[in-house]
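Enquirer: One structure is given below, represented as C-alpha cells, and several questions about it will come after.
Since every read-out is calculated from the coordinates, none of them should be taken as a lab result. Remember, it's a predicted structure, so these values are computed and weren't measured experimentally. We place every Cβ from the backbone using ideal geometry, glycine too, and count neighbours over all the protein chains shown.
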Amino acid sequence: MAEIKLDMLGEVCPVPLLTAQKFIGEMKSGDTLSVETDYNRTVRNIIKWCDDMGYDFNIEDKDDGVWLVTIEKK
Amino acid sequence: MKKNRQKRLSLGVIGFITAFGLAAFVADKRLLVIWGIGIALGFVLYRSGICFASAFRDVFLFRDFSMTRMVIILTGVSFVGIGIIQAIAASRGLPVTGRIYPVGFHTAVGGVLFGFGMVLAGGCASGTLQRIGEGFILFLTVLLGIAAGSVLGVYHFSWWVNSFFSTDAVFIPDFIGWIPGLVLTPVLLGGLYLVTVAIEKRKR
C-alpha cells in the first residue's frame, strides 16, 4: 500500500484539489494520499469531493490554520 | 501563529474597528448604520464561505455547481431587498436607486479580464477581503492588484465606451414594466437553479 504526501502549503483554490485528483487517478485501491494545506476552503473542497467519490477521509489539525487531510482510495 | 500573538492581534483589530466606528459616528450618525451593516456582511461572508470565483470556475473545472447555486440564491435575496427599495422609490416618484449602468462591448471585455484575474488570483473582490480578514497575507497582493486594475480601468473607461458599441443605462422595468420585471427575474433565477440541478443529476 503506497502512501503519497502532497505539500500544498501556500497554494490556493483550485490547485490543491486539482493536484489531488491528478495523483489519485494514478493510485491503486487501498493507497492513501495526504494533503497538507493552510487553506480552509481546500479542506471543504476535498471533503465534498471525497463524499461524491465515496472515499474515506480523515482530517487532522496539525497546527493553528494547518490541516492534514488523508484520503484512502477505494 | 502562537495563540498569545493571535489573541493580541485580534484584540488590536477589534480596537481598531471600534475606534473606526466611533470616528464615523462623530463625523455623521448615519455612518454608524453603514458601519454595522459592513460588519454584519463581513461576518456572513466569512461564515458562509461564499466565493464568486468558485461559483464560476468549479462549473468548468470540477462540474461542481454548489457555489453557483449559492450565488443564484444570493442574487435572489438581494433582488427582494433592492426590489422593495426601488419599488417604494418609484411609487413615490423618487429616482430609482441601484447600480444601473450602460451595457456594451466594454461589459464583455471587463467581464473576461475580471474573470481571468479572479480565477488566477484565487478570489474575487469580496472573497479577497474576506480572506485577508481570515489572515491570508497572500491576498494583500491580490488586493493591490484589484486596486491597480480598478484605477487603470477608470483611467481609460471612456475610451472603451466611446470607441465601441454601448447602450444607454438598462433598467428592465423601463422596458417591460414593473410587474413583468418582477416576475421575469425570479423565473430566470429559478430556471438557472433548475439547470444546475439537472446537469449535476445527469453527471451521476
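Enquirer: Please list, in chain and number order, the residues 5+ apart from A:Ser34 or on another chain whose amide H is under 5 Å from its amide H, with Hs placed from the backbone.
Expert: Excluding prolines and chain starts, which carry no amide H, the hits are A:Ile4, A:Lys5, A:Leu6, A:Ile71.
Enquirer: Also, quick follow-up: Which of the peptides A:43-49, B:17-23 is most tightly packed, and how do the rest follow, judged by the mean count of other Cβ atoms within 10 Å per residue?
Expert: Values: A:43-49: 18.3, B:17-23: 12.4.
For the peptides A:43-49, B:17-23, the packing ranking is A:43-49, B:17-23.
Enquirer: Could you rank the peptides A:35-41, B:33-39, B:163-169 by their average count of other C-beta atoms within 10 Å per residue, with the highest value first? Could the numbers behind the result be given before it?
Expert: Numbers: A:35-41: 21.4, B:33-39: 12.7, B:163-169: 11.1.
Those peptides, ordered most packed to least, come out A:35-41, B:33-39, B:163-169.
Enquirer: Once amide H atoms are built 1.01 Å from N in the peptide plane, which residues 5 or more positions from B:Tyr101, or in another chain, come under 5 Å H to H?
Expert: Sorted by chain and number, the residues that satisfy this are B:Val170.
Enquirer: Specify the angular offset, from 0 to 90 degrees and rounded to the nearest 10, of the alpha carbon long axis of helix A:15-25 from the longest principal axis of the alpha carbons in chain A.
Expert: Roughly 10 degrees between the two axes.
Enquirer: Using just the helices of chain B, give the 222 nm mean residue ellipticity in deg cm²/dmol: DSSP H runs with n ≥ 4 each add -39,500 (n - 2.57), and the total is spread over all residues, rounded to 500. Mind dumping the intermediate values first?
Expert: Details: 10 runs with 164 residues, N = 204.
Estimated from H runs of four or more residues: -27000 deg cm²/dmol.
Enquirer: Apply the Karplus parameterisation 6.51 cos²θ - 1.76 cosθ + 1.60, with θ equal to phi minus 60°, to every residue of the stretch B:47-52 and state each ³J(HN,Hα) to the nearest whole Hz, in sequence, with x for glycine and proline.
Expert: My calculation for the stretch B:47-52 gives 6, 7, x, 5, 9, 5 Hz in order.
Enquirer: So, one more: Say the cut-off is 30 Å between C-alpha atoms; which of A:Lys73/B:Lys201; A:Lys73/B:Lys7; A:Lys22/B:Lys7; A:Lys5/B:Lys7 go over it?
Expert: Numbers: A:Lys73/B:Lys201 23 Å; A:Lys73/B:Lys7 39 Å; A:Lys22/B:Lys7 39 Å; A:Lys5/B:Lys7 32 Å.
Table pairs above 30 Å Cα-Cα are A:Lys73/B:Lys7; A:Lys22/B:Lys7; A:Lys5/B:Lys7.
Enquirer: Could you give me the ³J(HN,Hα) list for the stretch B:184-194, computed from phi with Karplus coefficients 6.51, -1.76, 1.60 and θ = phi - 60°, whole Hz, x at Gly and Pro?
Expert: After applying 6.51 cos²θ - 1.76 cosθ + 1.60, I find 4, 4, x, 5, 5, 5, x, x, 4, 4, 5 Hz.
Enquirer: Then there is this: For the stretch A:3-72, what's the relative contact order in percent, using C-alpha pairs closer than 8 Å and at least 6 residues apart? Numbers along the way, then the final one.
Expert: Details: 105 pairs, mean separation 24.6, N = 70.
Here the relative contact order equals 35 percent.
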